[in-house]
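Report on the structure given below.
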Amino acid sequence: MNKNLRHYLWEFKGQNCLLVIILFFNALLITLNGLGSANALTALVAGKFTAFIWWVIVMTGSYALFCFGLFLQQYQYSRCCQLMNTAIRRDVTARLSNTTYETYHSQSSSVYASWLTNDVTTIDQMGFYNVMDIVTQVFTVAFAAIALATFHYILLLTTLVLAVVMYLVPKVFTKPVQRRSLAMTHANERLMNRISDVLTGFDALNLLNLRKLLVQRTVAASQDAATHINAWQWLNGVTSGVINGVSGLCQNTMLLLTGFMVWRHLVPIGTINASLNFAGTIFAGMTGIMTSVMDMASVAPIFEKFAAVPVRDTAGQVPVGRFHTALQMQDVTFTYDPNSRPILQDFSLTVAKGQKYALIGPSGSGKSTVLNLLIGNLTDYQGILRYDQTNYQHITPDSLINQVTYLDQTPFMFNDTLKNNLTMGEPYSDETITAVIQRVGLTDLVASLPQGLATMVEKDGRNLSGGQKQRVVLARGLLQGRQIVFMDESTASLDPASAQAIEEMIVTDPHLTVVMVTHHLRPTIAQQMDCVIDSAEFVPA
Ligand SMILES: Nc1ncnc2c1ncn2[C@@H]1O[C@H](COP(=O)(O)OP(=O)(O)OP(=O)(O)O)[C@@H](O)[C@H]1O
């Protein structure tokens, strides 16, 4: 069994053991029912009518209990699966949250959404469900074999030989099933990606009068996914057909053998019932086990894909405390693509505490890249970056990010109260919150809201203006004691008055260290700047 499946089964061993106990009793009850049927027939043929009635009662009772057991099994199975699904989602997101910025952004978020939905569902249906199915079948097959042996050992021996045949035949299909299953999970990722892309772009399509692309692209993406899903199901169908065919042959062999033994008076007439019933159970069980083993093979590539996300290596790194002196870039060279020319070459910059810097220059010249290097998101550079004299390579990334408020054009608002959007659930005193609200100029807004800080911020912050959202994000950072502010064209989409007000508020605050990326450096703001750096300096002429 896949070691990851084992891991999750073991994590919830208590709940899973309870499920196994239920499965054990269900298998026992269904075997008792089969024994009742064989003995009832033998008793009837022997003219023992009372014994016949008793065996029918045994059959009815065991079947009724079996039905109740099925209910328990279903419910307990769902509980176990939901626990394990949640644990998988927990571990996948923990891995994603602990990977580097570059790795995380190497795929779109809808790919990750597909991992956490489609892939977890596949693991559930192809992995956990089949483990339960195998346990059920193992119990059922074992009890049926014991019951069959009570009639004649030859019957059991023949069954075992045929069972080995059934075990070997489907092995041929394991590798192709795994390959197609992996292709299918990638197809699901693409589907999610494309659908989310086109749905998110609704406004753009609307303005272009191209709403029809919503349908066209969804259908094209769906057809791509369908091709891979059908290829996988095609192979599943072939596998299933072969397994069932072999199973049918084995059952008829058993019927022939038992008929012969009854004819030679080696076993009683009821054995025909027992043989058909138990051999059928054994072969169906073996078929089920084989199919489940094949299906389970599908989950291995999914877990491998999850495990391929590299985790940040923070060995030897220490957290940094509050900002004291400067951020430094010394002779930094950086490129996204080793085959194209560098964005920065031997570029040096010192961002001193409390000072204000503007980065200006044409679009695509690397201004945002500088911010991403300074915040520690990009790690694959040459040269040295320092935070208060400590090399970035010796600093835990989280502690560096803790010092910086990053303002971009699309400040993210959570669909929560205004207060929680400011505090992010941390317990700040009312005085602290009020002081920060005043510092970022949100006092009037809060006073004007009937529910004040308890007002719900709508999805994407629809009930706040662009400027108000910028102020909320700044206030978040200030509450957390962040004294460095990176502004990446953050006011570009605001009206001139709001943009000016926000920029002025930030650049005139003596406690803040500011690096502002901008295309439009307003004269009044430029006056407040300690240094204006043109992106032409990033790469020597
Ligand atoms: N993640 C990335 N992978 C590959 N190339 C990238 C990536 N991010 C940016 N680039 C490229 O690097 C160059 C610099 O981009 P960057 O965003 O830093 O420029 P910018 O000066 O901030 O541009 P703008 O003013 O338009 O925001 C651009 O050519 C861009 O296409």
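The values are calculated or read from the model by the stated rules, or taken from the named source; none is laboratory data. None of these values were measured; they are calculated from a predicted model. Here Cβ is always computed from backbone atoms with ideal geometry, including for glycine, and neighbour counts include all displayed protein chains. Surface areas here come from the heavy atoms of the whole protein model, side chains and all, with no ligands, DNA or RNA. Shrake-Rupley method; radii C 1.70, N 1.55, O 1.52, S 1.80 Å.
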Query raised in the report: Quick check: is even one residue across segment 356-363 in a strand (DSSP E or B) and more than 30 Å from R476 (Cα to Cα)?
Result: no
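For every residue, the table says whether it meets (1) within 25 Å of L116 (Cβ to Cβ); (2) part of a helix (DSSP H, G or I); (3) not aromatic (F, W, Y).
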{"position": "L191", "(1), (2), (3)": "yes, yes, yes"}
{"position": "I195", "(1), (2), (3)": "yes, yes, yes"}
{"position": "L199", "(1), (2), (3)": "yes, yes, yes"}
{"position": "L205", "(1), (2), (3)": "no, yes, yes"}
{"position": "N209", "(1), (2), (3)": "no, no, yes"}
{"position": "A221", "(1), (2), (3)": "yes, yes, yes"}
{"position": "T227", "(1), (2), (3)": "yes, yes, yes"}
Query raised in the report: Would it be correct to say that A492 is within 16 Å of the ligand (Cβ to nearest atom) and modelled with pLDDT under 90?
Result: yes
Query - Residues located in segment 235-247, provided they are open to solvent by less than 60 Å² (accessible area, probe 1.4 Å) and either in contact (Cβ under 8 Å) with a residue 12 or more places away in the chain or among the aliphatic types (A, V, I, L, M) (or both) - result: L235, N236, V238, T239, S240, V242, I243, V246, S247
Query raised in the report: Checking K353 against (1) buried (at least 22 other Cβ atoms within 10 Å of the Cβ); (2) in the same structural domain as Q483 (by TED's automatic domain parsing), which test does it fail?
Result: (1)
Query raised in the report: Among the candidates L155, L116, L162, which residue alone is of a type outside the set (D, E), in contact with a Cys (Cβ under 8 Å, 6 or more places away or on another chain) and in contact (Cβ under 8 Å) with a residue 24 or more places away in the chain?
Result: L162
Query raised in the report: If only one of G280, G285, G316 is of a type in the set (G, A, S), free of Cβ contacts under 8 Å to residues at least 60 places away in the same chain and away from the ligand (no atom under 16 Å from the Cβ), which one is it?
Result: G280
Report summary line: The residue from L256, L266 that alone is out of contact with any His (no Cβ under 9 Å at 6 or more places or on another chain), of a type in the set (A, V, I, L, M, F, W, C) and assigned by TED's automatic domain parsing to the domain that holds V161 is L256
Report summary line: The condition of being closer than 23 Å to T99 by Cβ and more than 9 Å from the ligand (Cβ to nearest atom) holds, among D388, D380, only for D380
Query raised in the report: Which of the residues that make up segment 320-344 are surrounded by fewer than 17 Cβ atoms within 10 Å (Cβ to Cβ) and either in a loop (DSSP other than H, G, I, E, B) or within 16 Å of the ligand (Cβ to nearest atom) (or both)?
Result: G321, R322, H324, T325, T333, Y336, D337, P338, N339, S340, R341
Requested in this report: Consider W55 carefully, then state whether it is buried (at least 17 other Cβ atoms within 10 Å of the Cβ) and under 30 Å from the mean Cα position of the chain (by Cα).
Outcome: no
